[in-house]
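To keep things clear, I will list the structure first and then write my remarks on it.
The values are calculated or read from the model by the stated rules, or taken from the named source; none is laboratory data. Treat the numbers as computed from the prediction; the structure is a model and nothing was measured. Cβ: placed from backbone, ideal geometry, glycine included. Neighbour counts: every protein chain shown.
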Amino acid sequence: MRTIRASEIGEYAYCRRAWGFRLQGRPSAHRARMAQGLQDHRRHGRRVWRAWLLRGLGYFLLLASLVLWATAWALRLAGG
């Protein structure tokens, strides 16, 4: 029994003929557009990854600044 992926269901819902042709091993007539779509998805993935890293860096810098502020405040109270 073959596992059906969610992308196959979407492909079938969009065009069951294309889905059937792909199962038969017939090449798509839209290879250039499909390659462009794959490239676009990869670029988007890199942007998402970069945004995730920048958000993490932002949280780290916020935490570091709070720790430094609390340390300075505690030293001021202890010395004063």
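For the range 8-26, what are the residues that are of a type outside the set (A, V, I, L, M, F, W, C) and either modelled with pLDDT under 85 or assigned to a loop (DSSP other than H, G, I, E, B) (or both)?
Across the range 8-26, the qualifying residues are 24, 25, 26.
So is residue 77 assigned to a helix (DSSP H, G or I), without any contact (Cβ under 8 Å) to a residue 24 or more places away in the chain and surrounded by 10 or more Cβ atoms within 10 Å (Cβ to Cβ) or not?
Here the answer is no, as residue 77 does not meet what is asked.
Quick one: would you say residue 2 is among the charged types (D, E, K, R), part of a loop (DSSP other than H, G, I, E, B) and at pLDDT below 90? So that I can check it myself, show each step before the final result.
Working: among the charged types (D, E, K, R): yes; part of a loop (DSSP other than H, G, I, E, B): yes; at pLDDT below 90: yes.
Against the criterion (among the charged types (D, E, K, R), part of a loop (DSSP other than H, G, I, E, B) and at pLDDT below 90), residue 2 qualifies.
Do we find a residue being of a type in the set (Lys, Arg) and not in a helix (DSSP H, G or I) anywhere in the range 53-64?
Within the range 53-64 (the criterion being of a type in the set (Lys, Arg) and not in a helix (DSSP H, G or I)), the answer is no, since none of the residues qualifies.
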